[in-house]
Amino acid sequence: MKKIVLISNRDKDPGIKYIYKLEELLELRYNRWTETELDDYPDGILEHDDVELYIVLGGDGSIMRAAHIAAKKDVPILGINFGRVGYMAELEADELELIDNYFSGNYTIEERMMLDVTTDSGEEHLALNDLVLSNGTVSKMITFSLFNKGEIIRTYNADGIIISTPTGSTAYSMAAGGSIIDPSLDCIAATPVCPHSFSAKPIIFSGDAQLQIRNDTDRNIPVFITVDGGENLEIKYNESVYIKRSCITTKLVRIKNESFYRTLSNKMK
């Protein structure tokens, strides 16, 4: 019999009021569950085998971190929002009783597209939200070229560029002026950050795009990529990063039958 793993971000629930409440609900409904804290990521998640569901208590950042492992294990996630916005979460902290819908089989699984990210240096990463190319912590203009399937799209002078999935379109990409994309669509968005050109607008590519970003910046200016808000990885002059749709997807449990547009409207109030 498989088990349920609670992944809790206790910083989002300082008094652990809601975590205790969820534990009580699970005690009544399911006798094979365990808890690990997000601070133990990734080891605390990886140590569990035969998992049928991850319940993530936190915000979108917590869900995203858990997704990197859950997607590779092909295990769905039920997100409970303890954060500020929580576009990916299914339940709010005051809706814990609705978890009964999962145990009664009244739920669906929504698959979210992910991106494979590779570099000339051999680094490989998986992104649920986005990849960001920039100068790092200090905003400074850089130069880079964007290609699709070997064909150059254009060369940019900008603070950077965001390559996002539809899921990531409501994150940094939206803040930088990118379009909000229905997560059921199969596409990849490229949003330049503060481009030094009025004609450098966001571009939405089809899901089968094979993007390449080449660093053309002066050798004395460091350029980095960040995948899903993780650690900076330097991309040297004339090196490239490659992005394409992954065969791996993040599976999110939906139990409220609420559309993306309804969620968007509620979260943006």
Specify which of the listed residues (LEU57, LEU22, LEU98, LEU115) is in contact with a helix residue (DSSP H, G or I) (Cβ under 7 Å, 6 or more places away or on another chain) and either touching a residue at least 60 places away in the same chain (Cβ under 8 Å) or not in a strand (DSSP E or B) (or both).
-> LEU22
In the stretch 221-269, how many are of a type in the set (A, V, I, L, M, F, W, C), modelled with pLDDT under 90 and either under 23 Å from ALA70 (Cα atoms) or touching a His at 6+ places or on another chain (Cβ under 9 Å) (or both)?
-> 1
Considering only the stretch 118-146, state which residues are within 23 Å of the chain's Cα centre (by Cα), of a type outside the set (Val, Ile, Thr), part of a strand (DSSP E or B) and more than 18 Å from ARG65 (Cα to Cα).
-> LEU133, SER134, LEU146
Residues that are in contact (Cβ under 8 Å) with a residue 40 or more places away in the chain: find the strands (runs of 3 or more DSSP E) completely inside the stretch 191-269 holding 3 or more of those.
-> 210-215, 224-227, 240-254
For ALA71, work out the one condition from (1) closer than 26 Å to SER246 by Cα; (2) out of contact with any helix residue (DSSP H, G or I) (no Cβ under 9 Å at 6 or more places or on another chain); (3) surrounded by fewer than 20 Cβ atoms within 10 Å (Cβ to Cβ) it doesn't fulfil.
-> (3)
Criterion violated by GLY61 - all others in (1) open to solvent by less than 50 Å² (accessible area, probe 1.4 Å); (2) in contact with a strand residue (DSSP E or B) (Cβ under 9 Å, 6 or more places away or on another chain) satisfied = (2)
Considering (1) open to solvent by 50 Å² or more (accessible area, probe 1.4 Å); (2) in contact with a Phe, Trp or Tyr (Cβ under 8 Å, 6 or more places away or on another chain); (3) over 12 Å from VAL132 (Cα atoms), say which one ASN232 fails and leave the rest.
-> (3)
Given (1) in contact with a Phe, Trp or Tyr (Cβ under 9 Å, 6 or more places away or on another chain); (2) at pLDDT 85 or above; (3) hydroxyl-bearing (Ser, Thr, Tyr), where does TYR18 come up short, assuming only one miss?
-> (2)
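The values are calculated or read from the model by the stated rules, or taken from the named source; none is laboratory data. No experiment lies behind these values; they were computed from the predicted model shown. Every residue, glycine among them, receives a Cβ derived from its backbone with ideal geometry; neighbour counts consider all protein chains shown. Surface areas here come from the heavy atoms of the whole protein model, side chains and all, with no ligands, DNA or RNA. Shrake-Rupley method; radii C 1.70, N 1.55, O 1.52, S 1.80 Å.
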